[in-house]
Amino acid sequence: MKTILYVRTSTAEQTIEHQETQAIDAGYQIDQVISDFAVSGVTVRFAERPQAPRLFDMLRPGDVLIVRWVDRLGRDYDDVTNTIRTFMSMGVVIRTIINGFVFDGASTDPVQKAIRDSLIAFMAATAQAQSEATKSAQLAGIKHALQSDSAGHKYKGKKPSYTREIYVGVQSMLGLNSGTVSDVAREFGLSRQVVLRIRDTPDAAERALTRWGM
């Protein structure tokens, strides 16, 4: 059996090394890293990514597939759930770095299967919400840029110290009660003050991201 880390990066802030370090810090022993670089999770289905065929070919029953979060496995609800179920049908166990979720198709207990399937549905829905928020923010950023004067004098406020992906991840982790504010801050490399700001004034945090087209 082997443990494969799948990494998808779409921005300069998302690095292969960072996600690999997160996996190692979470206690995983990685045998191999498979990465899709500069691939959008908003528009590209998992099966259409360059490394997807390689993953399907190399993974065997009992192997473990590590991903940072379920949004690495598809662009929307249907894509994420289909990808997870396909891997489970192959006997592959999927584990997430964030929250430490485990999706294993070997379970035969109906209650455990119901809990697993409900969790898959919830996490996939959250991933789609993130995708839609990203698309909305991109459109808002374009609109904002067009409305600015040619000298760029329109004041946008201080640039957020977090990306939209991190913003959604922080909200998800807080919403699932998956750790203290300090735990969340360490997970995403933020200060406690920033995490508290996202928690207590999410609308303001969202507007800041939108103003900067993030």
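For the range 33-122, the ratio of Cα radius of gyration to the globular rule of thumb 2.2 N^0.38 Å stands at 1.05.
Between ARG54 and LYS2, the contour length at 0.36 nm per residue exceeds the alpha carbon distance by 17.3 nm.
Amide H contacts for MET214 (H built 1.01 Å from N in the peptide plane; partners 5 or more residues away or on another chain; cut-off under 5 Å): none found. Counting neighbouring beta carbons within 10 Å and listing from fewest to most, the residues SER182, SER35, SER161 come out as SER182, SER161, SER35. What the phi angles of the range 15-23 give under the Karplus curve with 6.51, -1.76 and 1.60, with θ = phi - 60°, is a coupling list of 10, 4, 4, 5, 5, 5, 5, 4, 5 Hz, glycine and proline written as x. By the count of other C-beta atoms within 10 Å, a proxy for reagent exposure, MET90, MET214, MET1 are ordered fewest to most as MET1, MET90, MET214. For TRP69, TRP212, the sequence from fewest to most other C-beta atoms within 10 Å is TRP212, TRP69.
Throughout, read-outs are computed from the coordinates displayed, never taken from laboratory work. Just so it is clear, the structure is predicted and the values come from calculations on it, not from any experiment. Counting neighbours? That spans all protein chains shown, and the Cβs are built from the backbone with ideal geometry, glycine included.
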